[in-house]
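The values are calculated or read from the model by the stated rules, or taken from the named source; none is laboratory data. Quick caveat, the model's predicted, so the values are computed rather than measured. Methodologically, a virtual Cβ is constructed for each residue, glycine included, from the backbone with ideal geometry; neighbour enumeration extends over all protein chains shown. Each accessible area value is taken on the protein alone, full model and side chains, heavy atoms only, with ligands, DNA and RNA left out. Shrake-Rupley method; radii C 1.70, N 1.55, O 1.52, S 1.80 Å.
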Amino acid sequence: MRPRERASSFTGQVNVRVTASDGTTTTADTFRVTVIDDIAPTVTLSGLLVKAVKRMRFTVNGNENLSSATITVNGTPITLTRKNAKRFSGSYDLTVTPTTLTVVTTGTDLSLNTSAPLTKTFTIAALPKPYVYAGYTLKSVSGSKDDLLTIESVEAENIPWSSKQASQALAVQYDGSLSIQTKISPEMIS
């Protein structure tokens, strides 16, 4: 292993020379160690609505170099383009709004270990009137009646401050100003 290289990023073979001495006699031997990466990568998924062309742009990021990645949207695979060693992206054209997209992604590292599937739900809706989602009321304060709202469901265990207060949180994209209201239960305050 080269100096300053993380042990978790090293795979391959290295020769190790061991020398032992009892003060009188010295012996030495060299042996080869093979390091195999058998740990799957971790991936994240983000989505961005491109309103002008009614298209969702998705990006998969790995915690290590990826040889490939996959994304399916409502069961349909989309074509991905490599952006760098850890990132792939692709687009999905929206044919109908409002709609809900179930997006599943995986990543495969250079040793061909594949991540566990990551699933996210994206809801795309117009806001001509208040929209209720998972106990949240979303209302347009300003913006065009054609502005689209994108809601990404986020599991609360991935958000440290909300792990005890809520079962779900939201990531919201909207071009205009937005009001978000929810009912606060006594358990959320304590």
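Brief remarks follow.
- Annotation: amide H of SER68 within the under-5 Å range of THR108, sequence separation 5 or more or interchain, hydrogens built in the peptide plane.
- Distance between the pseudo-spin-label points of THR26 and LEU110 (7 Å out from Cα toward the beta carbon): 3.7 nm.
- Derived scalar couplings ³J(HN,Hα) [region 73-83; Karplus, 6.51 cos²θ - 1.76 cosθ + 1.60; whole Hz; x for Gly, Pro]: 10, 6, x, 9, x, 10, 6, 10, 10, 5, 9
- If the chain linking ALA52 and VAL14 were pulled fully straight, counting 0.36 nm for each residue of separation and taking away their Cα-Cα distance, it would gain 8.3 nm.
- Across THR150, THR76, the residue with the most accessible area heads the list, and the full order at a 1.4 Å probe is THR76, THR150.
- Here the Karplus curve 6.51 cos²θ - 1.76 cosθ + 1.60, taken at θ = phi - 60°, turns the phi angles of region 90-96 into couplings of x, 10, 9, 7, 8, 9, 9 Hz, with x standing for Gly and Pro.
- Vicinal HN-Hα couplings computed from phi for region 28-35 (Karplus, 6.51 cos²θ - 1.76 cosθ + 1.60; Hz; Gly/Pro x): 8, 8, 10, 9, 9, 10, 10, 9
- Alpha-carbon centroids, region 86-136 and region 22-79: separation in whole Å: 19 Å
- Heavy-atom accessible area order for ASP109, ASP93, largest first, 1.4 Å probe: ASP93, ASP109
- Under a 5 Å amide H cut-off, with hydrogens placed 1.01 Å from N, LEU148 pairs with ASP175 among residues at least 5 apart or on other chains.
- Sequence of LYS129, LYS120, LYS83 from largest to smallest accessible area, 1.4 Å probe: LYS129, LYS83, LYS120
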